[in-house]
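Below you'll find the structure, written out as structure tokens, and then a few comments.
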């Protein structure tokens, strides 16, 4: 069974809607790093956050490499 973590709902500003994918992934990585730290007492939640963090980190590194060589 999963543990759903509620996040506060707020309307996005016009500037927030205009974000590129690399920036969004970079921000998500930082947020997940904080979340993984807070979930360290919850083994399943921590593992899931860490797996997601690892996946996004690899994706961002690959995208940056492709951008440099593209």
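Numbers below:
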read-out: Members of the stretch 29-62 that are assigned to a helix (DSSP H, G or I) and more than 15 Å from the chain's Cα centre (by Cα); value: 43, 44, 62
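Conditions (1) surrounded by 10 or more Cβ atoms within 10 Å (Cβ to Cβ); (2) more than 29 Å from residue 67 (Cβ to Cβ); (3) modelled with pLDDT under 85, marked per residue:
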| residue | (1), (2), (3) |
| --- | --- |
| 3 | no, yes, yes |
| 8 | no, yes, yes |
| 11 | no, yes, yes |
| 14 | no, no, yes |
| 17 | no, no, yes |
| 28 | yes, no, no |
| 31 | yes, no, no |
| 34 | yes, no, no |
| 57 | yes, no, no |
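The values are calculated or read from the model by the stated rules, or taken from the named source; none is laboratory data. Quantities reported herein were computed from a predicted structural model and do not represent experimental measurements. Methodologically, a virtual Cβ is constructed for each residue, glycine included, from the backbone with ideal geometry; neighbour enumeration extends over all protein chains shown.
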